[in-house]
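Readers should treat all values here as calculations from the given coordinates under stated rules, not as data from a laboratory. Since this is a predicted model, take the numbers as computed values, not measurements. Note: ideal-geometry Cβ built from the backbone for every residue, glycine included; neighbour counts use all protein chains shown.
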Amino acid sequence: MNITPEFTEAQAAVAAGAAIANSVAVRPAPVEAHVTVRGLSKAFAGSPLYSDFNLDLPRGKIVSIFGPNGCGKSTLMNMIAGLTKPDAGEILFDGKSLKDTRIGYVFQNYRDALFPWLTSWENIAYPLRRGGMKPDAVKARVDELAALFEIRFDLKRYPYELSGGQMQTVCIMRALATKPEVMFLDEPFSALDFEMTLFIREKLQQAQAATGVTMVIVSHDLEDAVFLADQILLLTRRPTRIAEIVPFTLPRPRTPESTVDPEFIRVKGHTLEVFRREMNA
Ligand SMILES: Nc1ncnc2c1ncn2[C@@H]1O[C@H](COP(=O)(O)OP(=O)(O)O)[C@@H](O)[C@H]1O
Ligand SMILES: [Mg+2]
């Protein structure tokens, strides 16, 4: 992947919670859609990826983005999160622009996502401090997150002293610190072992239930894409369109046993079928 300095700077800014709102009065929500994407277009090197693309993300739900390698899953999420500039189109959060919206972002590569010169605790506290929160409130918020995530390792440790799963946990805590309205996660399970995948799945569900945050998760793994989702957004090969939006209504909390539930198996099977059809289209 080519990371331009510009992109890296934007990444750092988002990780740091740069999009913290200048507090805006919450409007009543007449529609269920939280995020609306209208007329989105994006081309790379003259080759169109998205053209007049429209999407609604429902409030307080978890949407997984699933599709063939290179179809633009990350690009779509990054355009919504403001890391990649669309060529055209409008993206609104409750009718507000991104700069008036609190978002959280968990990067694909957790090894590069944390500030190596800060302890885990300071990494989590960073966006809060940057937002001007008082030390007592920062401590209370980090303590609250540590309790939610049942942290058993010492948060005074530096990122290089942590396991991959612990690093990813810190990344997710940092993303949740500012109580985002929308949280973006790019392939959050791709580098985790099975045990950590189960743990992070459980914690993401708990965090979502506790906060009502709207979540968008990119995944290239069918089981991961289905497991947490209220909706699976299935994308086609490029030029990318929506192949299908598959609802998944299995009650929460979903547990490891959910993966052998007939409804899980049915939705996974259907998603695979659409994916195969698109691959052969
Ligand atoms: N900064 C960029 N410059 C040129 N091409 C890019 C850039 N970012 C992504 N692309 C291309 O856009 C397509 C979609 O990329 P991406 O969104 O990363 O796909 P996915 O996450 O679905 O695997 C790929 O063909 C990729 O090579
Ligand atoms: Mg990607």
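Just a few scattered comments:
- Hypothetical label at Asp112: residues of the stretch 41-82 whose amide nitrogen lies under 19 Å (7 Å Cα-Cβ projection): 70-79, 81-82
- Highest-first arrangement of 91-97, 78-84, 171-177, where packing means the average Cβ count within 10 Å: 171-177, 78-84, 91-97
- Cβ-derived FRET efficiency at R0 45 Å, Lys179 paired with Val260, nearest 0.05: 0.85
- Only the Cβ atoms of Lys and Arg (+1) and of Asp and Glu (-1) were treated as charged; on that basis the dipole of the chain about its Cα centre amounts to roughly 540 debye.
- Using the Cβ-Cβ distance between Ile245 and Lys99 with R0 set to 35 Å, the FRET efficiency works out to roughly 0.80.
- FRET efficiency, Leu272 to Arg129 (Cβ-Cβ, R0 35 Å, nearest 0.05): 0.20
- Between Asp52 and Leu198, the simple label model (points 7 Å from Cα in the Cβ direction) yields a spacing of 4.9 nm.
- q = 0.20 Å⁻¹: log10 I(q)/I(0) that the Debye formula gives for the stretch 127-196, counting C-alpha atoms only: -0.95
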